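Some notes on the structure that comes next.
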Amino acid sequence: MQLKGSKQLFEEAQKFIPGGVNSPVRAFKAVGGDPLFIKSAKGAYIYDEDDNAYIELINSWGPMILGHANELIESAVFSAIKGSLSFGAPTRREVEIAELICQMVPSIEKVRMVNSGTEATMSAIRLARGFTGRDKIIKFEGCYHGHGDSFLIAAGSGAVTLGIPDSPGVTKGTASDTLTAPYNDLEAVQHLVDANTGRIAAIIIEPVAGNMGCVLPEPDYLEGLRSICDKNDIILIFDEVMTGFRLARGGAQEVLNVTPDMTTLGKIIGGGMPVGAYGGKKEIMDYVSPAGPVYQAGTLSGNPIAMAAGMTMLNYLNDHPVVYEELNKTTHTIVEGIQKNLDNLGLTFTINHIGSMFSLFFTENKVTDFNVAKTSNTETFGLYFKGMLDRGIYLAPSQYEALFISRAIKNVEVEAILDANYEVLTELKKGGTI
Ligand SMILES: *Cc1c(COP(=O)(O)O)cnc(C)c1O
C-alpha cells in the first residue's frame, strides 16, 4: 500500500522511528499539529506529500542559502557521483576546499573536515582540552552546539522545546566539566574563570546566537571574552555552524571583527550535504592526529560528493559577495515590514535581526539572553506558526529558532510573507490572544 500524505506517513513513521522523526525539532511538538512530510523543493518553495506549496523560511536550518535545488550545486554533485561515492582516501577536492576555507575565514590556518556540526564541536573541545591539558569548558545558556554530551546543558532550542534541559544519559562527570553562564554577561564569565583558575580549556560561544531565537552579542561583549581568554590562556571557540558563510564570507567573526582561536563550521559548508569542519590556529590544529596526539577520525570524512557540493557552494559565495548584500536587503525589508505591521496593530513584540537571520519574539522585553527569550509566550507563537502555515509560509516550528532567508526569496515572496504576517497578527488580536 502506498502511504498517502503527511498525516498517514507520520502515523506510520511513529511505529518505526522514535517520535516519527530523525531529529526532534522536526516533530512540531512545540507548536502542536503533525509535521509536514516533504516531497521536494525548488528555489524559495517547498512541497509536501499532500502537494501543498510553502514559502521556505527554514531552508534546511541554514544550508540552502542559495535556495533549493540550486543548479550549480546539483550539477557538481551529479558529475562527482560518476567517479564513485567514497574512497576513504585523500582527494584533490579536500585540499582545494581546505585552502578556500582558510582564505574565506582568515582565523582558520588549518582545518579538518567532519560529517556534522555536532562532530565539529565535539572534536574542537577535545582538541582544546588536549592542547591545554585542562578539563573544563564554559558554554552559554541557550547556545546549542550539537548533541555532544558536554553541550547538552542549558542547550537552547531543541532541548528547551522538549523540556530536557539536561538530557538523561549525560554522566554527572561530564556535566560537571561544563560550566554555564548567561549570554551577554561578561561578569558571570569572569567569575567562573576566577573560581576555576588554570582549569578551563575553552570558552565556546555562538558569536551570534541562533538557537534561542536570534540573539545578538552586545557591544564589546565578544571583545571582553577575547580578552579574558588571552589573560587566562583559554581557547576561544566560535561555533559558527549557523553563522559561518551566512552573515558574510568570513562569518560572524568578519562582521563583528573579533578573532577566535578556533572555529566550528557546518550547515552551509556542505551545500546541503552532511558536512562539518573545525579549524583554527596552526599550532592548535597540529595537535590533531596524525600530526599530533589528539585522536579524531572519520570513515566518510571529506566524502567526495559532499566536498563537491560544499566546494561549489563556497566558491560561489566567495566569488559573489553581492549575495550577502541581496540577502541583507531582503531580510531588512521583511523585518521592517513586520515591524510596520506590529506598529499598525499597536503591538510591541520584539524582533531581533542581523544579516539574513531574524526572530520575532512574542515578548515585549528586549531579548539579550535565554532568560529573557523565555519570557516569550510560546502558546501565542504556536498559534502564529499555525496561522502562517495555513497561509503557505513554512516557519521554524519553535519560538526559539532563527529564521533564515535564502537568495531565492524575491519581492513576490516578501509580500506574501508580510501579508500573511499581518493577517495572522490581526486574527490573533481580534481573538483576544494578543
Ligand atoms: C546546527 C548547529 C550545530 C549542530 O550541527 P549538526 O549538523 O546538527 O550536528 C552546532 N552548533 C550550532 C551553532 C548549530 O546551529
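Figure legend. Inter-residue proximity from region 236-265: first residues in a helix (DSSP H, G or I), second residues aromatic (Phe, Trp, Tyr) and near the ligand (Cβ under 10 Å from one of its atoms), beta-carbon distance below 9 Å, spacing 6+ or different chains. Indicated pairs: GLY251/PHE238; ALA252/PHE238; GLN253/PHE238. Taking region 73-94 as the range and being among the hydrophobic types (A, V, I, L, M, F, W, C) and either within 15 Å of VAL275 (Cα to Cα) or in a loop (DSSP other than H, G, I, E, B) (or both) as the test, the residues that pass are ILE73, VAL77, LEU85, PHE87, ALA89. Confirm whether GLY32 is at positive phi, out of contact with any Asp or Glu (no Cβ under 8 Å at 6 or more places or on another chain), modelled with pLDDT under 95 and open to solvent by less than 80 Å² (accessible area, probe 1.4 Å). Yes, satisfied. Screening region 296-330 for residues that are among the aliphatic types (A, V, I, L, M) and assigned to a loop (DSSP other than H, G, I, E, B) and picking the one that is surrounded by the most Cβ atoms within 10 Å (Cβ to Cβ) gives LEU300. Applying the criterion of being assigned to a helix (DSSP H, G or I) and away from the ligand (no atom under 11 Å from the Cβ) to the residues of region 269-290, the residue that is surrounded by the most Cβ atoms within 10 Å (Cβ to Cβ) is ILE284. Would you say ILE125 is of a type in the set (A, V, I, L, M), in a loop (DSSP other than H, G, I, E, B) and within 15 Å of the ligand (Cβ to nearest atom)? For ILE125, the condition - of a type in the set (A, V, I, L, M), in a loop (DSSP other than H, G, I, E, B) and within 15 Å of the ligand (Cβ to nearest atom) - is not met. In the set LEU347, LEU265, only one residue is within 15 Å of the ligand (Cβ to nearest atom) and not polar (S, T, N, Q); that residue is LEU265.
On inspection, PRO24 fails the criterion of being in contact (Cβ under 8 Å) with a residue 60 or more places away in the chain, open to solvent by less than 40 Å² (accessible area, probe 1.4 Å) and closer than 23 Å to GLY210 by Cα. Considered as a group, the residues in region 137-152 that are out of contact with any Leu (no Cβ under 6 Å at 6 or more places or on another chain), open to solvent by less than 20 Å² (accessible area, probe 1.4 Å) and not in a loop (DSSP other than H, G, I, E, B) include one that is nearest to the ligand (Cβ to nearest atom), and that residue is PHE151. Only one of the listed residues (SER116, SER86, SER107) is open to solvent by less than 70 Å² (accessible area, probe 1.4 Å), in contact (Cβ under 8 Å) with a residue 12 or more places away in the chain, of a type in the set (Gly, Ala, Ser) and within 16 Å of the ligand (Cβ to nearest atom). That residue is SER116.
Do the conditions hold for ASN365, that is, is it open to solvent by 10 Å² or more (accessible area, probe 1.4 Å) and within 21 Å of TYR422 (Cβ to Cβ)? Judged against the criteria, ASN365 is not a match.
Screening region 38-66 for residues that are part of a loop (DSSP other than H, G, I, E, B) and surrounded by 19 or more Cβ atoms within 10 Å (Cβ to Cβ) and picking the one that is farthest from the ligand (Cβ to nearest atom) gives ALA44. Screening region 187-210 for residues that are in contact (Cβ under 8 Å) with a residue 24 or more places away in the chain and charged (D, E, K, R) and picking the one that is nearest to MET262 (Cα to Cα) gives GLU206.
Filtering region 379-434 to residues that are assigned to a loop (DSSP other than H, G, I, E, B) and open to solvent by less than 10 Å² (accessible area, probe 1.4 Å) leaves LEU395, ALA396, PRO397, SER398, GLN399, ALA402, ILE405, SER406, ILE409. TYR221 falls short on exactly one of the conditions (1) away from the ligand (no atom under 14 Å from the Cβ); (2) under 13 Å from the mean Cα position of the chain (by Cα); (3) not small (Gly, Ala, Ser), and that condition is (2).
The values are calculated or read from the model by the stated rules, or taken from the named source; none is laboratory data. Remember, predicted model here, so these are calculated numbers, not experimental data. Positions of Cβ are backbone-derived with ideal geometry, glycine not excepted, and every protein chain shown enters the neighbour counts. SASA here: full protein model, heavy atoms, side chains in, ligands and nucleic acids out. Shrake-Rupley method; radii C 1.70, N 1.55, O 1.52, S 1.80 Å.
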